[in-house]
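Visitor: Dropping a structure here in structure tokens format, bear with me for questions.
Any read-out appearing in this document is the output of simple, stated calculations on the displayed coordinates, not a laboratory observation. Here the structure is a predicted model, which is why all the values come from computation and not from measurement. All Cβ positions, even for glycine, are placed from backbone atoms using ideal geometry, and neighbour counts span all protein chains on display.
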Amino acid sequence: MWFDTWSDVLRVLLVGPASYLTVVLVLRASGKRTLAKLNAFDLVVTVALGSTLATIFLSKDVSWVEGAVALVVLAVLQMLVAALTSRVPFARQVVTAGPTLLLHDGLLLEDALRAARLTGAEVRQAVRGSGVGDLSTVAAVVLESDGSLSVIEHAQAGDRSALVDVPTPG
């Protein structure tokens, strides 16, 4: 458990830096969008990249070349999905969830909370976390595609053009 063989340690010392360099090169070649956390799909790809890197480091059953190819395939697939979803609205709807309005003009939207499997307490926590103590001063709380909660106060809502793609009740 504490030590198997020196060859295992040597493999990590040799394959580790090569794998790390491969990840850096793949990420630089594929662009910033590969690791952007804009939606849940992006998070899955990021976790998959990390898992693949760990597997290359530690598994004797996976060669560096196999791992490098897996990293490239993940990055290319992410690039293809990003290109498709940015050009085809239907594809975006299939791959990513749209934003959901959870609080509108200080009032919690119970149906939206149920559909999103969230509680009023979680929305209030997000509001408090943004430094607001009074729900009546909040224009909107939006559950974003990446799972984060955006809190917009009335004072910062302006013409509400940032909310144009967020479906509102009624």
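Visitor: Could you list, in sequence order, all residues of the range 114-155 that are β-branched (Val, Ile, Thr), touching a strand residue (DSSP E or B) at 6+ places or on another chain (Cβ under 9 Å) and farther than 18 Å from residue 168 by Cβ? Even if it seems obvious, please write down each step before you answer.
Guide: Within the range 114-155, the subset β-branched (Val, Ile, Thr) is 119, 123, 127, 132, 137-138, 141-142, 151-152.
Filter once more, keeping what is touching a strand residue (DSSP E or B) at 6+ places or on another chain (Cβ under 9 Å): 123, 127, 132, 137-138, 141-142, 151-152.
127, 132, 137, listed by residue number.
Visitor: Taking the range 131-142 on its own, how many of its residues are more than 15 Å from residue 166 (Cβ to Cβ), surrounded by 14 or more Cβ atoms within 10 Å (Cβ to Cβ) and out of contact with any Asp or Glu (no Cβ under 8 Å at 6 or more places or on another chain)?
Guide: Matching residues across the range 131-142 total 1.
Visitor: Considering each residue of the range 42-92, count those that are of a type outside the set (A, V, I, L, M) and closer than 20 Å to residue 24 by Cβ, and give that number.
Guide: Count: 12.
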